[in-house]
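No lab work stands behind these numbers, since they all come straight from the coordinates. Here the structure is a predicted model, which means the values were calculated and not measured. Note that we place each Cβ from the backbone using ideal geometry, even for glycine, and neighbour counts take in every protein chain shown.
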Amino acid sequence: MKTFKVPYDVKREEKIFGGYLSLRQVLYLMLIGISCTLFFIPMSKWISLAIISILTIFFLLCAFMKVNEQSFDKFFFYALKYLFREKLYIYRRCDE
């Protein structure tokens, strides 16, 4: 029986939906649709429009943008983790 090596690209996500979108991207696009329902909550239309536009831009960045070959959502959460973790500063005197 012959065996064949199957190439597998570890750096890219598997495109499940139509060969163009991964599961992560589809979930972020669904979050955009859910955030658009905020427009129907009774509040000022300008406030709801501002919130929807901010959420839409953020979810689009998470779905499609890459920073240094890393998806934006991972980059964003790593940046938040860095900002809010406890940092230890050690002072060492220079001997002269």
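Listing for the model above:
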{"item": "Test: residue in the stretch 73-96 that is surrounded by 10 or more Cβ atoms within 10 Å (Cβ to Cβ), in contact with a Phe, Trp or Tyr (Cβ under 8 Å, 6 or more places away or on another chain) and not acidic (Asp, Glu)", "result": "no"}
{"item": "Subset of the stretch 43-96 [assigned to a loop (DSSP other than H, G, I, E, B) and charged (D, E, K, R)]", "result": "Glu69, Arg85, Glu86, Lys87, Arg92, Arg93, Asp95, Glu96"}
{"item": "Cβ-Cβ under 7 Å pairs, at least 6 apart or on other chains, the stretch 9-34 side surrounded by 10 or more Cβ atoms within 10 Å (Cβ to Cβ), far side of a type in the set (S, T, N, Q) and part of a helix (DSSP H, G or I)", "result": "Ile32/Thr56"}
{"item": "Leu61 among the aliphatic types (A, V, I, L, M), without any contact (Cβ under 8 Å) to a residue 24 or more places away in the chain and touching an Asp or Glu at 6+ places or on another chain (Cβ under 9 Å)", "result": "yes"}
